[in-house]
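The values are calculated or read from the model by the stated rules, or taken from the named source; none is laboratory data. Since the model is a prediction, treat every value here as computed from it, not as a measurement. No Cβ is skipped: glycine too gets one built from the backbone with ideal geometry, and neighbour counts run over all protein chains shown.
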Amino acid sequence: MKILIINGPNLNLLGKREPEIYGNRTFEQFLAELQAGFPQIEIDYFQSNHEGALIDRIHEAGFSTDGIILNAGAYTHTSIALADAIAAVPAPVIEVHISNVHQREPFRHHSYLSAKCVGSIVGLGLEGYRLAVEYLESYK
Ligand code: CA2
């Protein structure tokens, strides 16, 4: 089984800035632990700060992997193009947000992506990605 995790803009700064909101681990550190915890699953990772690059990767992986875990960062709240990309591919997409967006500014309360995703996990920190892998492992 193959799963792709996609992180959007500014998530390359995880563990380096704003630890009170996003924690103090880099995604690379977390990813190594996640991969070790699921040796039976190939877990790939892609991060980009560019909307078009995220869309291209969804198009590619959406036809060749068993699932996508997507934290689109702030594009979540702005991008109809990303929503269209999710809707255009057969792979199930799980939306993840590290912070509880509903406890933050009102502009973070709406996601253009949620309606196109199988489900959303918000506010559980990096644990949300692990829960999404577990869910996809049993997804039919
Ligand atoms: O909570 C999440 O995962 C978000 O997707 C993170 C986005 C934010 O725009 C969304 O509303 C919610 C921001 C990512 C910024 O990541 C940083 C990480 C460390 C330091 C600075 C920014």
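Taken over region 103-122, residues that are more than 24 Å from ALA87 (Cα to Cα) and of a type outside the set (S, T, N, Q) amount to 3. Considering the conditions (1) within 15 Å of the ligand (Cβ to nearest atom); (2) in a helix (DSSP H, G or I); (3) closer than 18 Å to PRO9 by Cβ, HIS102 is excluded by exactly one of them, (3).
Residues that are more than 9 Å from the ligand (Cβ to nearest atom) and among the hydroxyl-bearing types (Ser, Thr, Tyr) were ranked within region 70-99; the one that is surrounded by the most Cβ atoms within 10 Å (Cβ to Cβ) is SER79.
Would you check if PHE46 is over 20 Å from ASN100 (Cα atoms), more than 16 Å from the chain's Cα centre (by Cα), surrounded by 13 or more Cβ atoms within 10 Å (Cβ to Cβ) and at pLDDT 95 or above? No. For region 1-25, the tally of residues that are near the ligand (Cβ under 8 Å from one of its atoms), surrounded by 15 or more Cβ atoms within 10 Å (Cβ to Cβ) and more than 13 Å from the chain's Cα centre (by Cα) stands at 3.
Output yes when any residue across region 54-68 is within 12 Å of the ligand (Cβ to nearest atom) and within 12 Å of ILE6 (Cα to Cα), and no when none is. Among the residues of region 54-68, not one is within 12 Å of the ligand (Cβ to nearest atom) and within 12 Å of ILE6 (Cα to Cα), which makes the answer no. Scanning region 105-118 for residues being outside any loop (DSSP other than H, G, I, E, B) and loosely packed, with under 13 Cβ neighbours inside 10 Å gives a total of 3.
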